[in-house]
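These notes are about the structure you will find just below.
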Amino acid sequence: MRDQTAVPAPRAAEPSALNRWFKTLLKQKTLIFMSVPFVIWIFIFKYVPLWGWLIAFQHYRPNLTMFQQEWVGLEQFRFLFSDDTFIRVLRNTLVQAVIKLVLGFVTAIVLAILLNEVRVAFFKRAVQTISYLPHFISWVVAANIISTALSIDEGGIVNEVLMRLHIIDQPIMWLGVGHYFWGILGTSEVWKDVGWNTIVYLAAMTMIDPSQYEAAEIDGASRLQRILHITLPGLKPVIVILLIMNLGSILETGFEPQYLMGNGMNADYSENLEIFVLKYGISMGNFSLATAAGIFKTVVSFILLFTANSMAKRFGEQRLF
Amino acid sequence: MANTVRPAAEPAPQPQQPKKMHKRFQSPGDRIFDTLNVLVLSLLVVFTLYPFINTLAVSLNDANDSIKGGIYLLPRDLSFDNYKYVFKEATIFHATLISILRTVIGTVVTVFCSAMVAYTISRPEFVLRKFVTIMFILTMYLNGGLIPNYLLMRDLDLIGTFWVYIVPGIIGVFNMIVIRSFIEGLPDGIIESARIDGAGEFRTFIQIVVPLALPALATVALFTGVYQWNSWFDVFLYNSEKVNLSTLQYELMKMLANSNSNSSMTSASAFANSANSSSNFVTPSSIRATMTIVASLPMIIVYPFLQKYFVKGMTVGGVKG
């Protein structure tokens with residue numbers, strides 16, 4: 001008996017809850033006008049392209065519609081992994097990613113600590129402002145500057161300095177020797193963004209309780225000990241969360257510096273996944289293969305992001321989500 | 001008023017205290033540390049600034065004289081011919097116009113749209129708040145990839161138009177989060193009192209929120225402006241055949257590509273010969289230096305003035321994101 005009376009009750013409540021919801025919706029129509037058009041925009045520009053992933057399982061021909069395409073299953077992926085170019089591109093992507101991650105983190109943390117230890121406020125501010133500068137120029141400008149600095153012509157300052165110091169006897173064509181490329185790329189990335197990457201660490205350092213430093217100083221801790229035992233532990237949460245965020249995008253090694261500084265002589269070391277996609281997709285018109293390579297990258301990124309996040313959870317650290 | 005309106009996540013402004021302590025006791029170890037620190041940071045400043053100063057010097061030097069080399073910090077034979085030549089060149093002049101146009105329009109549109117959506121998802125009573133937020137946040141991890149995006153632009157008929165620079169980027173999710181965090185840090189009373197006074201949502205947004213959120217908007221404007229000004233890849237990908245839609249960065253990129261392909265034969269005299277035909281004497285390398293300066297100067301001039309804001313924006317958005 002009770003059940004019978006209980007059942008219709010929610011049914012009666014349902015329309016009224018829905019009603020109330022619609023009423024609020026109506027009342028908030030301005031907010032809706034202000035946001036929903038952009039949801040539609042983001043749906044078209046960010047979600048619709050996901051539909052394009054289907055291309056990777058087809059033998060895509062641009063003049064046919066999605067449904068007229070020939071379906072080939074995993075053939076594109078099979079081809080990718082049997083392709084020597086792809087394997088080499090994968091190797092380059094991984095090496096470039098690891099160099100970028102490790103070098104990027106270490107240099108930014110070291111620079112932030114050094115800046116934090118500067119006692120003359122004016123000097124600190126000047127160095128900070130100058131170190132942000134290369135972040136605001138494009139990779140086109142940066143690549144121009146770098147390739148000029150590395151050239152063997154007049155104005156190639158790197159060769160000039162090294163020759164003056166008698167480290168080398170004759171100018172080296174830095175961008176013409178393949179196995180120099182990873183080092184050049186890593187250095188260029190540090191040069192461009194090390195200052196910028198210190199911002200978050202410097203902000204985190206202002207949160208460290210100054211009384212900790214005072215107590216350590218009274219106890220006779222040296223500068224280095226204070227850095228190692230107060231500053232670094234204070235940065236740990238920020239470092240962990242940035243590591244997670246960066247692991248998720250580790251394969252996003254970028255392609256601008258590789259594309260702009262790459263050439264036929266260093267292609268074996270400079271070409272990464274994104275350049276592979278560009279080359280096969282846009283230049284050669286093999287849309288299916290290029291999309292398959294892109295999907296591979298995204299899937300690996302997702303796995304890495306979730307692994308890093310759950311690892312951070314297990315170790316009791318802050319995490320992203 | 002301006003002092004009371006600060007985001008909640010503001011770090012406590014108290015780093016002066018330890019500074020006072022440091023000054024009193026200075027062990028020899030401390031002094032060595034300080035000297036080394038200043039030395040290392042000065043070296044960083046030199047590495048960061050030298051390439052720009054050198055490029056500037058070359059661009060202001062007579063092209064004929066530059067071939068002899070040996071220009072470091074100052075032009076030896078001051079001449080503005082390189083700049084005159086660059087701006088007389090119709091393609092480059094037009095490309096500069098397009099660069100300015102896309103930077104101005106793109107920045108205004110993106111800042112306005114991002115701020116509007118950020119406002120709606122900062123309203124706790126908004127019924128679609130969760131839905132809208134998730135729709136946007138998810139896209140930070142989902143990416144269709146190069147080929148599907150290219151096909152979308154093709155299907156939307158955006159290829160070969162100016163709008164392909166603007167429409168795909170009208171909202172940056174990261175930017176939106178920066179603005180939202182800032183709005184959420186505003187005292188509740190301000191927005192509530194405007195509503196009690198009878199202002200609608202849109203008026204509250206325009207008249208109350210926008211003026212108060214100016215620091216966050218300035219940050220986003222800078223990020224967007226830098227992105228728009230520095231972009232070359234979308235020009236390359238979508239509009240490489242449209243000369244009248246080319247941008248400064250893309251023109252510079254083409255010059256770099258030319259010099260890269262020449263670099264296998266590398267001789268300053270070959271450059272000189274190819275440029276001899278033009279009316280005032282310029283060389284590709286001096287033009288390249290001039291273009292590099294023109295393409296980077298606007299951002300270099302603007303960013304130091306906004307430093308206070310973007311540092312805050314990076315801190316809020318970078319960790320919370």
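The values are calculated or read from the model by the stated rules, or taken from the named source; none is laboratory data. Note that the structure is a prediction, hence the values are computed from the model and not measured. Heads up, the Cβs are rebuilt from the backbone with ideal geometry, glycines too, and the neighbour counts pull from every protein chain shown.
With respect to A:L31, is the statement that it is in a helix (DSSP H, G or I), touching a Lys or Arg at 6+ places or on another chain (Cβ under 7 Å) and within 9 Å of another protein chain (Cβ to nearest Cβ) true? So that I can check it myself, show each step before the final result.
Working: in a helix (DSSP H, G or I): yes; touching a Lys or Arg at 6+ places or on another chain (Cβ under 7 Å): yes; within 9 Å of another protein chain (Cβ to nearest Cβ): yes.
Considered against the rule, which asks whether it is in a helix (DSSP H, G or I), touching a Lys or Arg at 6+ places or on another chain (Cβ under 7 Å) and within 9 Å of another protein chain (Cβ to nearest Cβ), A:L31 comes out as yes.
From the set of residues in the stretch A:147-159 that are facing chain B (nearest Cβ under 9 Å) and assigned to a helix (DSSP H, G or I), which is farthest from B:S66 (Cα to Cα)?
If we take residues in the stretch A:147-159 being facing chain B (nearest Cβ under 9 Å) and assigned to a helix (DSSP H, G or I), then A:S147 is farthest from B:S66 (Cα to Cα).
Evaluate the stretch A:224-235: report whether one residue or more is of a type in the set (D, E, K, R) and modelled with pLDDT of 90 or more.
Looking for residues that are of a type in the set (D, E, K, R) and modelled with pLDDT of 90 or more, one finds at least one in the stretch A:224-235, hence yes.
With the structure loaded, tell me whether A:Q68 is away from chain B (no Cβ under 14 Å), exposed (fewer than 14 other Cβ atoms within 10 Å of the Cβ) and of a type in the set (S, T, N, Q) or whether it fails that test.
Working: away from chain B (no Cβ under 14 Å): yes; exposed (fewer than 14 other Cβ atoms within 10 Å of the Cβ): yes; of a type in the set (S, T, N, Q): yes.
Yes; evaluated as a whole, the condition is true for this residue.
Which of (1) facing chain B (nearest Cβ under 9 Å); (2) within 22 Å of B:L152 (Cα to Cα) does A:V299 not meet, given it meets every other one?
Condition not satisfied by A:V299: (1).
Every residue, every condition in (1) within 11 Å of chain B (Cβ to nearest Cβ); (2) modelled with pLDDT of 90 or more, yes or no:
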residue	(1), (2)
A:T187	yes, yes
A:I199	yes, yes
A:L202	yes, yes
A:P237	yes, no
A:I250	no, no
A:F255	yes, no
A:L260	yes, yes
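Report, ordered by the first and then the second residue, all pairs with beta carbons closer than 7 Å, sequence separation of six or more or different chains, a first member in the stretch B:50-64 that is over 13 Å from B:R288 (Cβ atoms) and free of Cβ contacts under 8 Å to residues at least 40 places away in the same chain, and a second member that is among the hydrophobic types (A, V, I, L, M, F, W, C) and surrounded by fewer than 19 Cβ atoms within 10 Å (Cβ to Cβ).
Matching pairs, first to second residue: B:I53/B:L73; B:A57/B:L73; B:A57/B:L74; B:L60/B:L78.
So in the stretch B:236-294, with the set limited to residues that are touching a Phe, Trp or Tyr at 6+ places or on another chain (Cβ under 8 Å), outside any helix (DSSP H, G or I) and over 21 Å from B:I100 (Cβ atoms), which one is modelled with the highest pLDDT?
Restricting to residues being touching a Phe, Trp or Tyr at 6+ places or on another chain (Cβ under 8 Å), outside any helix (DSSP H, G or I) and over 21 Å from B:I100 (Cβ atoms), the top hit is B:T283.
When the residues of the stretch B:160-170 are narrowed to those that are surrounded by fewer than 23 Cβ atoms within 10 Å (Cβ to Cβ) and either closer than 18 Å to A:T291 by Cβ or within 22 Å of the chain's Cα centre (by Cα) (or both), which ends up farthest from the other protein chains (Cβ to nearest Cβ)?
Step one: of the stretch B:160-170, the residues surrounded by fewer than 23 Cβ atoms within 10 Å (Cβ to Cβ) are B:160-164, B:166-170.
Cutting the leftovers down to either closer than 18 Å to A:T291 by Cβ or within 22 Å of the chain's Cα centre (by Cα) (or both) gives us B:162-164, B:166-170.
Details: B:F162: 17, B:W163: 12, B:V164: 11, B:I166: 12, B:V167: 8, B:P168: 6, B:G169: 9, B:I170: 7 Å.
My answer is B:F162.
Are any residues in the stretch A:88-133 charged (D, E, K, R) and farther than 20 Å from B:V46 by Cβ, and if so, which ones?
Initial filter on the stretch A:88-133 (charged (D, E, K, R)): A:88, A:91, A:100, A:117, A:119, A:124-125.
If the condition is that a residue be charged (D, E, K, R) and farther than 20 Å from B:V46 by Cβ, then A:R88, A:R91, A:K100, A:R119 are the ones that fit.
So is A:A121 modelled with pLDDT under 95, under 30 Å from A:M205 (Cβ atoms) and more than 7 Å from chain B (Cβ to nearest Cβ) or not?
Working: modelled with pLDDT under 95: yes; under 30 Å from A:M205 (Cβ atoms): yes; more than 7 Å from chain B (Cβ to nearest Cβ): yes.
Yes, satisfied.
Being among the small types (G, A, S), exposed (fewer than 15 other Cβ atoms within 10 Å of the Cβ) and modelled with pLDDT of 85 or more is the filter here; which residues of the stretch A:284-321 pass it?
So in the stretch A:284-321, the residues among the small types (G, A, S) come out as A:285, A:288, A:290, A:292-294, A:301, A:308, A:310, A:312, A:316.
Checking which are exposed (fewer than 15 other Cβ atoms within 10 Å of the Cβ) leaves us with A:285, A:310, A:316.
Passing the criteria: only A:G285.
Can you tell me which residue among A:Y180, A:Y213 is at the interface with chain B (Cβ under 10 Å from one of its Cβ atoms) and of a type outside the set (D, E, K, R)?
Details: A:Y180 fails: at the interface with chain B (Cβ under 10 Å from one of its Cβ atoms).
One residue alone meets the criteria, A:Y213.
So, restricting to helices (runs of 4 or more DSSP H) that lie completely within the stretch B:41-142, which ones have at least 3 residues that are within 13 Å of chain A (Cβ to nearest Cβ) and among the aliphatic types (A, V, I, L, M)? It would help to see each step written out before you state the result.
Numbers: elements: B:63-66, B:81-88, B:90-120, B:129-138.
Counting at least 3 such residues, we get B:90-120, B:129-138.
Out of all the residues in the stretch A:124-146, which are more than 7 Å from every other protein chain (Cβ to nearest Cβ), surrounded by fewer than 23 Cβ atoms within 10 Å (Cβ to Cβ) and not aliphatic (A, V, I, L, M)? Break it down into steps so the answer makes sense when it comes.
First pass over the stretch A:124-146, keeping only residues more than 7 Å from every other protein chain (Cβ to nearest Cβ): A:124-126, A:128, A:135, A:139, A:142, A:146.
Subset that is surrounded by fewer than 23 Cβ atoms within 10 Å (Cβ to Cβ): A:124-126, A:128, A:135.
Within the stretch A:124-146, A:K124, A:R125, A:Q128, A:H135 meet the criteria.
Is it true that A:Q170 is closer than 30 Å to B:S59 by Cβ, more than 7 Å from chain B (Cβ to nearest Cβ) and touching a helix residue (DSSP H, G or I) at 6+ places or on another chain (Cβ under 7 Å)?
Values: closer than 30 Å to B:S59 by Cβ: yes; more than 7 Å from chain B (Cβ to nearest Cβ): yes; touching a helix residue (DSSP H, G or I) at 6+ places or on another chain (Cβ under 7 Å): no.
It is false that A:Q170 is closer than 30 Å to B:S59 by Cβ, more than 7 Å from chain B (Cβ to nearest Cβ) and touching a helix residue (DSSP H, G or I) at 6+ places or on another chain (Cβ under 7 Å).
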